[in-house]
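Below: the structure, in structure tokens.
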Amino acid sequence: MDTKISTAQKVQTSSHARWALLALAIGAFGIGTTEFSPMGLLPVIAKGVDVSIPTAGLLISAYAIGVMVGAPFMTLAFSRFGKRTALMLLMSIFTIGNLMSAMAPGYFTLLLARLVTSLNHGAFFGLGAVVAASVVPKEKQASAVAAMFMGLTIANIGGVPAATWVGQAIGWRMAFAGTALIGIAAIAALWFALPKGERGAMPDIRRELTVLTHPTVLLAMATTVMGAGAMFSLYTYVAPALTELTGASNSFVTLGLVLIGVGFTIGNWLGGRLADWSLDGATRIFLALLAAIMFALPLAMITHVGAAIGLLLWGGAAFALVPPVQMRVMEAAAEAPGLASSINVGAFNLGNALGAATGAAVISLGFGYAAVAIAGGVLAAAGLALVLIGTRKPSSLPANCGA
């Protein structure tokens with residue numbers, strides 16, 4: 001009798017976990033779509049608000065800066081609520097921001113709307129990771145967190161290309177409006193799938209911020225910034241780069257975004273496997289690979305076949321960095337568990353801003369889109385140098401992340 005009850009309880013718990021992870025993944029899918037879809041719509045948006053493509057690229061930088069600044073503050077502000085309420089409120093901000101983007105009359109109001117949208121990003125992933133880990137047994141917590149983040153990579157296969165197609169065929173405003181609908185779906189899913197829970201407690205802010213000033217933490221974050229900067233230097237301008245270098249049509253640009261998304265998903269899996277072997281080793285391998293691919297991309301993108309293969313490989317190398325650099329930051333910040341997740345999100349999005357700004361500078365100086373990929377390769381090489389410097393300095397922090 002007891003065995004039957006125990007089995008039934010396990011089945012029920014497993015079912016609840018699957019629904020909870022699905023709800024979190026839907027939110028991650030929406031966030032991934034709104035973060036990355038402007039890359040494929042830059043020419044359309046630039047024309048719609050009457051600015052240059054480099055100026056439109058600053059919309060991506062603004063989003064990234066909003067994530068970086070908002071992540072810790074929003075995490076602390078919403079930690080007093082129950083997790084379900086906090087996550088639903090964060091997705092409400094997401095929905096409002098996308099609706100503001102759809103209705104923005106000009107460039108500066110669109111810039112403000114992107115800032116509003118970005119405020120939910122870091123806190124959602126930070127609190128969502130805690131919830132994902134809490135609904136499964138301890139030995140499955142890493143897989144649960146990965147399941148939530150899988151929504152982000154799948155967004156690059158389905159959500160971003162779909163938003164790009166809508167933006168090109170109907171208008172970029174409709175792309176943002178459609179993304180807002182994903183936010184509404186995520187709110188409903190979170191309400192149905194997650195338990196109400198208890199109100200949270202405020203973390204020890206002073207202690208955690210002190211840990212974040214440790215040189216090992218700062219060096220790990222700087223590596224994340226360089227890796228993400230390399231990725232976004234090209235990703236921000238991939239649509240016009242394909243148009244100029246490859247002579248790509250709108251349909252090929254959409255295909256290119258799908259291939260990048262497939263590369264992201266494969267890279268995320270591969271990066272996790274190699275990170276289990278060695279965090280520093282995996283980070284060195286993928287930074288070196290990313291740099292080499294980006295240096296070769298200007299030649300590969302001369303032809304459609306070369307561009308397709310190059311973007312797939314580039315996407316794999318770029319996102320394969322995410323698991324090892326995330327774990328390196330969490331390991332270095334082992335004594336600050338409350339903000340560990342938002343640290344990596346903030347560092348990643350600082351790299352997003354750096355990459356977009358680097359690409360804009362290269363284009364504005366007249367070097368062309370081929371030089372954007374080369375500039376990204378330089379950032380990846382700089383990240384590799386930081387890893388090599390870091391591995392020569394023994395850390396005074398505990399060896400495991402203690403999460």
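Tabulated data
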{"read-out": "Nearest 10 degrees, 0 to 90: helix 215-235 Cα axis against the chain principal axis", "value": "40"}
{"read-out": "Charge-dipole axis of the range 82-196 as Lys and Arg at +1 and Asp and Glu at -1 on Cβ define it, positive-most pick from 174, 192, 150", "value": "192"}
{"read-out": "Ranked order, 364, 118 - accessible area, probe 1.4 Å, largest first", "value": "364, 118"}
{"read-out": "Three-way shape label, the range 172-314, alpha-carbon gyration tensor, a/c 1.5", "value": "oblate"}
{"read-out": "Cα gyration tensor shape for the range 338-385, rounded if a/c is under 1.5, else prolate or oblate", "value": "oblate"}
{"read-out": "Average Cα contact separation per residue, the range 54-129, under 8 Å, 6 or more apart, as relative contact order %", "value": "48"}
{"read-out": "Among 306, 256, 346, residue whose mean-square fluctuation peaks in a GNM of the chain (springs only between Cα atoms under 10 Å)", "value": "306"}
{"read-out": "The range 1-130 shape via C-alpha gyration tensor axes, a/c threshold 1.5", "value": "prolate"}
{"read-out": "Trypsin sites (Lys or Arg not before Pro), loop per DSSP, at most 12 other Cβ atoms within 10 Å - longest free stretch of the chain", "value": "200-391"}
{"read-out": "Dipole in debye (nearest 20) - the chain, about Cα centre, beta carbon charges: Lys, Arg +1; Asp, Glu -1", "value": "640"}
{"read-out": "Relative contact order for the chain, counting Cα pairs under 8 Å that sit 6 or more residues apart, in percent", "value": "25"}
{"read-out": "Solvent-accessible area of residue 265 with every protein chain in place, 1.4 Å probe, in Å² to the nearest 10", "value": "30"}
{"read-out": "Net charge, residue 100 excluded, C-beta distance under 14 Å - Lys, Arg +1, Asp, Glu -1", "value": "+2"}
{"read-out": "Nearest-ten-degree value, helix 141-154 long axis tilted from longest Cα axis of the chain", "value": "30"}
{"read-out": "Mean separation of Cα contacts under 8 Å, 6 or more apart, over the residue count of the range 244-391: relative contact order %", "value": "34"}
{"read-out": "The chain: most fluctuating residue of 64, 228, 375 per GNM, C-alpha cutoff 10 Å", "value": "375"}
{"read-out": "Largest to smallest accessible area among 214, 16, 304 [probe 1.4 Å]", "value": "16, 304, 214"}
{"read-out": "For residue 293, solvent-accessible area (1.4 Å; no DNA, RNA or ligand), Å²", "value": "30"}
{"read-out": "Ranking by accessible area, most exposed first, for 388, 111 with a 1.4 Å probe", "value": "388, 111"}
{"read-out": "Cα-based helix-to-principal-axis angle, 107-118 vs the chain, degrees rounded to 10", "value": "30"}
{"read-out": "GNM top mover of 373, 288, 239 - the chain, alpha-carbon springs below 10 Å", "value": "288"}
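The values are calculated or read from the model by the stated rules, or taken from the named source; none is laboratory data. Note that the structure is predicted; figures quoted are calculated from it, not measured. Glycine gets a Cβ as well: all are built from the backbone with ideal geometry, and neighbour counts include every protein chain shown. The accessibility values were calculated without ligands, DNA or RNA, using every heavy atom of the protein model including side chains. Shrake-Rupley method; radii C 1.70, N 1.55, O 1.52, S 1.80 Å.
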